[in-house]
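**Q** Below: one structure in structure tokens.
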Amino acid sequence: SIERGGLFTELRQAHGSATLTEVTRQRVDWQRQAARDLAEGRFDAAVAAFDHHDAVTWRTDQDASRAALVEQWKADTAKDPKASRFVFAYTNEEVDQLNTALRQVRRERGELGGPDAQLATKHGSAAFAVGDRVQFTDTAKKLGIYNGTVGTLIGLDARTGEVAVRLDAPAGKAGRIVSWSAADGFEGFRHGYVGTIYKGQGKTLDHTYLLHTQHWR
């Protein structure tokens, strides 16, 4: 579980405990220190570090914040298109709004292949094209699909509803390909540029973005 339970306290009292102190996921010293500050309750110092390194963008309202995030993502992806990146939001409504905006950026740059095809998903009908990022929101073991995985759409037949997605894989490795058709009745997927914060737990990425809202805890 995310929060430790009462059993941990009993085990610690009976057997002792060890503390993990070295941060390995962050590769930049100030980011490592900020992670320590957050873990140890020094929130002001952590936020100040992010602000000092231009990792926080301040705007007066939610619409302006969303627009600023889209512009930053647009600039970053043009400068370094091969880096792994993901955008986090707090509600499904915000996820949908940002997915639409970021996908439009890619469409305008000619990064999506062929015409759009409308596909039925559990989140509503949406336009997809070859090159789109896809995130799965359901598990279908027979299809080799698991909730939370992300990949790139590599095949799409609008007539039959046949879809093929290459899942993300570690650098230097080819991702596994999963496929399904409208006849399979699988609808647990959506655009994969943006997801809720719960979809990002455990992921290691080059760049992340967060749309801050009043939902933030």
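**Q** For a label point 7 Å from the Cα of residue 196 along Cα→C-beta, name the residues of segment 102-132 whose backbone N is under 17 Å from it.
**A** Backbone N within reach: 122-124.
**Q** Over the chain, average the accessible area per residue using a 1.4 Å probe and give it in Å², no decimals. Numbers along the way, then the final one.
**A** Numbers: 14000 Å² over 217 residues.
Accessible area per residue: 65 Å².
**Q** Mind checking the full-extension length gain between residue 212 and residue 130? Use 0.36 nm per residue of separation minus the Cα-Cα distance, one decimal, nm. Could you put the intermediate results ahead of the total?
**A** Numbers: separation 82, 0.36 × 82 = 29.52 nm, distance 3.04 nm.
Stretched fully, the residue 212-residue 130 segment lengthens by 26.5 nm.
**Q** Taking only the alpha-carbon atoms of the chain, what semi-axes of the equivalent ellipsoid follow from 5 times the gyration tensor eigenvalues under a square root, in whole Å, largest first? Please list the in-between numbers first.
**A** Numbers: eigenvalues 229, 111, 54 Å².
Semi-axes from the Cα gyration tensor: 34, 24, 16 Å.
**Q** Given the options 104, 34, 178, identify the residue whose Cα lies farthest towards the positive end of the charge dipole of the chain (+1 on Cβ of Lys, Arg; -1 on Cβ of Asp, Glu).
**A** Farthest towards the positive end: 178.
**Q** May I pose another question? Given 0.36 nm per residue, what is the gain on full extension from residue 82 to residue 143 after removing their alpha carbon distance, in nm? Kindly include the intermediate steps, with their values, before the conclusion.
**A** Values: separation 61, 0.36 × 61 = 21.96 nm, distance 2.78 nm.
Length gained, residue 82 through residue 143: 19.2 nm.
**Q** Right, something else. Each residue of segment 183-197 in turn: what ³J(HN,Hα) in whole Hz from Karplus with 6.51, -1.76, 1.60 and θ = phi - 60°, glycine and Pro shown as x?
**A** Listing the rounded values in order: 5, 6, x, 7, 10, x, 8, 7, 4, x, 7, 9, x, 6, 4 Hz.
**Q** Any chance you could run the full-extension gain for residue 179 through residue 51? It's 0.36 nm times the residue separation minus the Cα-Cα distance, nm to one decimal. Mind dumping the intermediate values first?
**A** Working: separation 128, 0.36 × 128 = 46.08 nm, distance 4.27 nm.
Residue separation times 0.36 nm, minus the Cα-Cα distance, leaves 41.8 nm.
**Q** Using a simple charge model, +1 on the beta-carbon of Lys and Arg, -1 on the beta-carbon of Asp and Glu, nothing else, what dipole does the chain show about its Cα centre, in debye to the nearest 20?
**A** Around 620 debye, computed over the chain.
**Q** Hey, for a label at residue 152 modelled as a point 7 Å past Cα toward Cβ, could you say which residues of segment 87-109 have their backbone N under 11 Å away?
**A** none
**Q** Roughly to the nearest percent, how much of the accessible area of segment 4-136 is carbon and sulfur, given a 1.4 Å probe? Mind showing how you got there, number by number?
**A** Values: 4440 of 8740 Å².
That fraction is 51 percent.
**Q** Within 10 Å of each candidate Cβ there may be at most 11 other Cβ atoms; applying that plus a DSSP loop requirement, which GluC sites (Glu not before Pro) in segment 4-50 survive?
**A** Numbers: sites: 10, 22, 40; in loops: 22, 40.
Of the GluC sites (Glu not before Pro), the ones in loops of segment 4-50 whose Cβ has at most 11 other Cβ atoms within 10 Å are 22, 40.
**Q** Defining a contact as two alpha carbons under 8 Å apart and six or more residues distant in sequence, what relative contact order in percent does segment 1-87 show?
**A** Working: 25 pairs, mean separation 10.2, N = 87.
That works out to 12 percent.
**Q** Whose amide H sits under 5 Å from the amide H of residue 196, counting only residues 5 or more places off or on another chain, with H placed in the peptide plane?
**A** Under 5 Å from the amide H of residue 196 lie the amide H atoms of 89, each far enough along the sequence or on another chain.
**Q** Tell me the mean residue ellipticity at 222 nm calculated for the chain from its helices only (DSSP H runs of n ≥ 4, each -39500 (n - 2.57), averaged over every residue, nearest 500). Kindly include the intermediate steps, with their values, before the conclusion.
**A** Values: 5 runs with 66 residues, N = 217.
Calculated at 222 nm, the ellipticity per residue is -9500 deg cm²/dmol.
**Q** So, one more: Under 8 Å for C-alpha pairs, at least 6 residues apart: give me the relative contact order for the chain, rounded to a whole percent.
**A** Working: 280 pairs, mean separation 45.4, N = 217.
The value is 21 percent.
**Q** A follow-up question, please. If r is the Cβ-Cβ distance from residue 19 to residue 58 and R0 is 35 Å, what FRET efficiency results, to the nearest 0.05? Walk me through the numbers before you get to the answer.
**A** Values: r = 34 Å, r/R0 = 0.98.
Once the sixth-power term is evaluated, E becomes 0.55.
**Q** Within 10 Å, count the other beta carbons around each residue, average over each peptide in 50-58, 130-138, and list them highest first.
**A** Details: 50-58: 11.8, 130-138: 20.1.
Ranked from most to least packed, the peptides come out as 130-138, 50-58.
**Q** OK, next. Could you pull out the pairs from 79/142; 173/203; 79/122 whose alpha carbons sit more than 28 Å apart here? Walk me through the numbers before you get to the answer.
**A** Values: 79/142 39 Å; 173/203 17 Å; 79/122 34 Å.
Checking Cα-Cα distances, 79/142; 79/122 exceed 28 Å.
The values are calculated or read from the model by the stated rules, or taken from the named source; none is laboratory data. What you see is a predicted model; the values in this text were computed from it and never measured. Positions of Cβ are backbone-derived with ideal geometry, glycine not excepted, and every protein chain shown enters the neighbour counts. Side chains included, ligands, DNA and RNA excluded: accessible areas come from the protein's heavy atoms. Shrake-Rupley method; radii C 1.70, N 1.55, O 1.52, S 1.80 Å.
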